[in-house]
């Protein structure tokens, strides 16, 4: 039985495929019904008016219109406030 391997092995040659997350349509751009507005992990950006949310937290337009981003302050359970981004289609 050999004490060493005959040839070297590489342990770090595997990599996952890119997921292409982020905002796809920005503030002021036109959105068609069904077009993807943002892809995200978790709900970093919340869905506003005329925006739906998919099972992987993808935000998409429900109606045709102009994309609008806004911020909203919400009180958390421990009485701290946190800013949330909200995307709407107007």
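Here are a few things to note about the model shown:
- Single match in 4, 41 (criterion: in a loop (DSSP other than H, G, I, E, B) and at pLDDT 95 or above): 41
- From 11, 49, residue being assigned to a loop (DSSP other than H, G, I, E, B) and in contact with a strand residue (DSSP E or B) (Cβ under 6 Å, 6 or more places away or on another chain): 49
- Scanning the stretch 25-51 for residues that are over 15 Å from the mean Cα position of the chain (by Cα) and surrounded by fewer than 11 Cβ atoms within 10 Å (Cβ to Cβ) yields a single hit, 28.
- Taking the criterion of being over 16 Å from residue 25 (Cβ atoms) and either in a loop (DSSP other than H, G, I, E, B) or touching a helix residue (DSSP H, G or I) at 6+ places or on another chain (Cβ under 7 Å) (or both), the residues of the stretch 58-90 that qualify are 76, 77, 78, 79, 80.
The values are calculated or read from the model by the stated rules, or taken from the named source; none is laboratory data. All figures in this text were calculated on a predicted structure; none of them were measured in a lab. Ideal geometry is used to build each Cβ from the backbone, glycine not excepted, and the neighbour counts take in all protein chains shown.
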